[in-house]
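Novice: If you scroll down you'll find the structure; I have some questions about it.
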Amino acid sequence: MTTQRSDAASRLTRSSGGTRSSAIMSGPISTPPMEPSGKPSTPNKRNYKNTLKVENTDRHAYRGIEFLLSAIGLAVGLGNIWRFPMIVYENGGSSFLIPYIVCIFVFAIPAIHMEFALGQYAAKSPPAVFRRIMPALEGIGWMSAIVGAIIGVYYMVIISWISIYLVNAVNAAKLIACDNHWNDPGTCYEGHHQKQCLGSDPPGYNLSSNAPNVTVKLLYVGGRCQDASKLKTVEAATEQFFNRFVVSPSAGFTDFNTFNWATFGGLVILWLVTSLILLRGMKNISKTSYVSVCLPYVSVITLLVRGVTLDGASEGLYYFLWRADFSALYKFQTWSAALSQLCFSLSIGQGTLMNIASYNKKSHNWYRDTFLLVASDSLMSLLSGAAVFSTLGFLAKQRGVTVPEVVKSGHALAFIVYTEAIAHMPAPWFWYTLFFLMLLVLGLSTEIVIVEIVCSCLMDRFLFLRKKRWIVVVSVSSTLFLCGVVMATDAGYYWFDMFDEYSSGVSAVIGSALTTIAVCYLYGIDNFCDDIKEMAGEPKSKCSKYMGPSSCIWWASWYAFTPACSLILMALFVYTREYPFKGDRLMYPPVFDALGWIVAVLPFFVIPIFVVTAVLRFKKKKIAVRGAFMLQKQHPSFERIYEKWPESKQLIAGLLPEQEPGEEVSEIDGVSDGKDEESIIE
């Protein structure tokens, strides 16, 4: 038996040319291997027979600018088109750019810089990165992945709606008419006829019946001009298309009656497309980024050029760029809105940035790409806002009203207001197709990366799944599809509102703060800076010393400013927050708010779960529990940091597991004789 164990141990260390303790393989031992001087020897890093083939099949897949393009494809999404313009409009106009830029430098750039560096150095998905830093921290990685997955569930619903609009591109002009089967003529407002109600002889209304010096607001409803004050319900034609055909909401979020088959069919097709793309692997997915990134920029610039040439564009741009309400700077909501928008738009705190960076080579300049990513995302937001509001100015001119009267927040901006504006343009089908094709590409490019992170997390946790990628992709896609099916029912619109309101923002900001705290205070900020220097090299000039990737600026940001500012702002946001649906308590009762907060905090429950499982795993292996709170042998910096530890900590380090959870002994170097794990241990 002893000879058999010795043979197995020698096979485990043959390729490294050194000797390795077989302590963990053969059972608990009292002391780690010692050097002749009596000091614990440095544990050798593992060497697998098929390390690259089994662990990193797709790692180091990016070439040239593919990483930057993939990051831009992930970050630049639907939030840039309709969320950013409305946040600017609702939070002081152009003065909002002040907190937005401040949050970029205090929070966004430091957070992205850290996520990129962590992923690139470890070449692993977030849970594996944190598990190697400290097994008890693995839950932070899974928390980030779950936040991304929850966003991915409702994000695909939006993409499904986009596909419905894209299919109806040939009927773009009909969407502003009130004679379709989904319209209610008695409440349908036709904006393209509104100018008739502004003249001296409005059809269907006698101006002489008005009292002297009394101005009556008229709306073109039901084929004639009517007094707006006497109309109980009025919906624009495009609004009725969205409400009565695309979503068809029921009476409340618990009132389930039927499926919305158009949305359901869109979900089925889009999840199939996503799965097929993901089956090709990141190496091939990165090639598509050349099209998926360039097309939206070309499209939005084209829409902007068309928008600024329309009559009334200057009025719309005034509300986006020139109107400034500096009193908004004194409101916590303005700063928290800037922070939440950055997290949502740049995918901070969702694990996706760390995951795509894991496909980089160690020598890649991620620091440069951090700034280029933020600049590209901000540019798209500004271009989109200008394109949207110039077109809204045109729509207001067509209706004969002011810009605030046509503005709607959220997805309604794209699906209702912008759709009507496009229908007023010459050749509406072209602009309609261009706009929604851009949204479809933006949405799918983001969704693909979101689903990929969940797949990567599972395959890094269970290595045998790397050879069965198709099973992982199909399983993850099917699970997320089933979670989103509820949003394809007539009650689904309310559930969509819940996920949209609660799933991002607070969760992502707190998740990013936890990542920063874990790295700075548990792994050690000096160790992290050494990792950066190992990849980027030592500063070669005063400029790189004070402005480079490992400079004191980032040290101070990570150590204090970034986590403190983000947590304080989120605490104030939660404290001062008002229920966003308080105006409709019947459809959105208090229990809806409670369920929403459950969605928001649900990902954080995995953190204590993984702390407990890590402790139990180490106890089961009869290793000191302190080992669950130490850097593991599998981390690339282990040997460097091990030398700095005191002897007492080195003694425990010698007992740390040679394997990670989910690894198979049959894949370890030298074990190719068909013996299973039990025979080797014996």
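We did not get these values from a lab; they are worked out from the coordinates using the rules stated. Nothing here was measured: the structure is a model prediction, and the numbers come from that model. Cβ atoms come from the backbone with ideal geometry, glycine included; neighbour counts cover every protein chain shown.
Novice: Quick one: net charge around I81, please, counting Lys, Arg +1 and Asp, Glu -1 for every other residue with C-beta under 14 Å from its C-beta.
Specialist: Neighbour charge sum, excluding I81 itself: +1.
Novice: If you don't mind, there's one more thing I want to ask. When only C-alpha pairs under 8 Å and at least 6 residues apart count, what is the relative contact order of the stretch 174-243, in percent?
Specialist: So the answer I get is 42 percent.
Novice: Give the separation of the Cα centroids, the stretch 609-640 to the stretch 570-595, in Å.
Specialist: Centre-to-centre (Cα) distance: 41 Å.
Novice: Among 330-342, 498-510, 448-460, how do they line up by average Cβ neighbours within 10 Å per residue, starting with the highest?
Specialist: 448-460, 498-510, 330-342
Novice: Which Cys residues of the chain have no other Cys beta carbon under 4.7 Å away?
Specialist: Taking the Cβ cut-off of 4.7 Å, the unpaired cysteines of the chain are C103, C294, C343, C455, C457, C483, C520, C529, C543, C552, C565.
Novice: Under a plain spin-label model, where a point goes 7 Å from the Cα along Cα-to-Cβ, how far apart in nm are F259 and I598?
Specialist: Here the modelled spin labels are 2.5 nm apart.
Novice: Hey, another quick one. Just want the ordering: D497, D311, D593, from fewest to most Cβ atoms lying within 10 Å of their own Cβ.
Specialist: Starting with the residue having the fewest Cβ neighbours, the order is D311, D593, D497.
Novice: Further question: I need K217, K633, K408 ordered by Cβ neighbour count within 10 Å, fewest first.
Specialist: Lowest count first: K217, K408, K633.
Novice: I'd like the distance separating the alpha-carbon centroids of the stretch 404-424 and the stretch 299-340, in whole Å.
Specialist: Spelled out, the Cα-based centre of one part sits 15 Å from the other.
Novice: Let me ask something else about it. Past 20 Å, Cα to Cα: identify those pairs from K195/K397; K622/K644; K468/K621; K195/K217; K408/K582; K467/K621, in the order given.
Specialist: K622/K644; K468/K621; K467/K621
Novice: So, in Å, what gap is there between the alpha-carbon centers of the stretch 134-168 and the stretch 196-275?
Specialist: Here the answer is 31 Å between Cα centres.
Novice: With r defined as the distance between the Cβ atoms of T402 and L572 and R0 fixed at 35 Å, what FRET efficiency is calculated, to the nearest 0.05?
Specialist: Approximately 0.60, to the nearest 0.05.
Novice: Between F326 and L465, what length in nm is gained on full extension when 0.36 nm per residue of separation is reduced by their alpha carbon distance?
Specialist: Contour length minus Cα-Cα distance gives 44.6 nm.
Novice: Here's something else I'd like to know. When the chain is fully extended, how far beyond the present Cα-Cα distance does A173 get from K362, taking 0.36 nm per residue of separation?
Specialist: Result for the pair: 62.8 nm of gain on full extension.
Novice: Return the FRET efficiency for the residue pair C552, E643: r is the Cβ-Cβ distance, R0 is 30 Å, and the value is rounded to the nearest 0.05.
Specialist: 0.75
Novice: On to the next question. Could you work out the Rg to Rh ratio of the stretch 425-491, with Rh taken as the Kirkwood radius (inverse of the mean 1/r over all Cα pairs)?
Specialist: 1.19
Novice: Mind giving me the FRET efficiency for S94 and W429? R0 is 35 Å, r the Cβ-Cβ distance, nearest 0.05 is fine.
Specialist: With R0 = 35 Å, the Cβ-Cβ based efficiency is 0.55.
Novice: Before anything else, pin down the relative contact order of the stretch 55-158: Cα pairs under 8 Å, at least 6 apart, normalised by residue count, whole percent.
Specialist: 12
Novice: I've got another one for you. If we count other beta carbons within 10 Å of each Cβ, what is the order of V153, V599, fewest first?
Specialist: Fewest-to-most ranking of V153, V599: V599, V153.
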